[in-house]
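Here the structure comes first, spelled out in structure tokens, and everything after it is commentary.
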Amino acid sequence: GAAKLWPVPVAVLLAMAASIAVTGAFHEDGLSDTADGLGGGWDKQRILDIMKDSCVGSFGAVALVILLLARFF
């Protein structure tokens, strides 16, 4: 419906923002934690420690950028 009011790129960004707002960015947070853990940990305990950390690391940031760009395009 938003595509009828605004250009398609704006409508897509609004749909993405609405999706993130409705879920509370739950999926994006999980993806970034998983990417950080698997990218930065060598053993099981270290991977779990990284995933429990609330900070977003470089692997998580890259995963989020790729995810959001893929959704947009």
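The values are calculated or read from the model by the stated rules, or taken from the named source; none is laboratory data. The structure presented is a predicted model; accordingly, all values stated were derived computationally and were not measured. Quick reminder, even Gly has a Cβ in these numbers, built from the backbone with ideal geometry, and neighbours come from all protein chains shown. Remember, those area values only see protein heavy atoms, side chains included, never the ligands or the DNA or RNA. Shrake-Rupley method; radii C 1.70, N 1.55, O 1.52, S 1.80 Å.
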**Q.** Cα-based helix-to-principal-axis angle, 26-40 vs the chain, degrees rounded to 10
**A.** 40 degrees
Q) Considering only protein heavy atoms and a 1.4 Å probe, what is the carbon-and-sulfur percentage of the accessible area of the chain? A) 72 percent
Q: For every other residue with a beta carbon closer than 15 angstrom to the beta carbon of residue 46, add +1 if it is Lys or Arg and -1 if Asp or Glu, then tell me the sum.
A: -3
(Q) Counting heavy atoms of the protein chains only and a 1.4 Å probe, report the per residue accessible area for the chain as a whole number of Å². (A) 72 Å²
Q) Per-residue ellipticity at 222 nm for the chain, helices alone: DSSP H runs ≥ 4 residues times -39500 (n - 2.57), over residue total, nearest 500 deg cm²/dmol? A) -24000 deg cm²/dmol
Q) So what's the chain giving for Rg/Rh, alpha carbon basis, Kirkwood Rh from the mean inverse pair distance? A) 1.13
